[in-house]
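The values are calculated or read from the model by the stated rules, or taken from the named source; none is laboratory data. Everything numeric here is computed off the predicted structure, so don't read it as measured data. Here the Cβ positions follow ideal geometry from the backbone for every residue, glycine too, while neighbour counts run over all protein chains shown.
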Amino acid sequence: MLRAIIVALVALLASPASALVISGVRSAVTAPRAATPTLAMPNIEDAKNLTDEEIAQEIFNAKKELFELRKGVKTRQQVKPHLFVHTKHRIAQLNTLLGQRAASQ
């Protein structure tokens with residue numbers, strides 16, 4: 001009995017996120033995981049109606065936001081890491097849109 005409890009505690013400490021089944025007993029401590037919400041990337045359709053000057057301003061604002069995020073990491077502020085990916089993605093989209101417009105002219 002004591003051995004089963006020790007095995008259950010060791011397994012619980014080794015894998016707290018999953019439901020444990022040890023000798024037929026399910027651990028009551030862990031709950032099933034909820035579905036993780038997916039965060040949507042910025043959509044390029046939002047920028048297709050902008051003028052070249054507005055796109056350049058959006059690129060500047062996105063680069064400024066990226067700088068602020070990096071500064072937040074360096075000053076140990078609480079930063080949402082997914083915003084790095086979203087901001088870089090937005091900058092790439094806007095640069096692509098500018099390049100496509102320049103190539104078509």
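Points worth noting:
- For the range 34-84, a residue qualifies if it is over 17 Å from Gly99 (Cβ atoms), touching a helix residue (DSSP H, G or I) at 6+ places or on another chain (Cβ under 6 Å) and of a type in the set (D, E, K, R), and exactly one does: Glu65.
Here is a yes/no grid of residues against (1) basic (Lys, Arg); (2) in contact with a Leu (Cβ under 9 Å, 6 or more places away or on another chain):
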| position | (1), (2) |
| --- | --- |
| Asn43 | no, no |
| Glu58 | no, yes |
| Asn61 | no, no |
| Phe67 | no, no |
| Lys80 | yes, yes |
| His86 | no, yes |
| Thr96 | no, no |
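- Which listed residue, of Ala34, Ala56, Ala40, is of a type in the set (Gly, Ala, Ser) and at pLDDT 95 or above: Ala56
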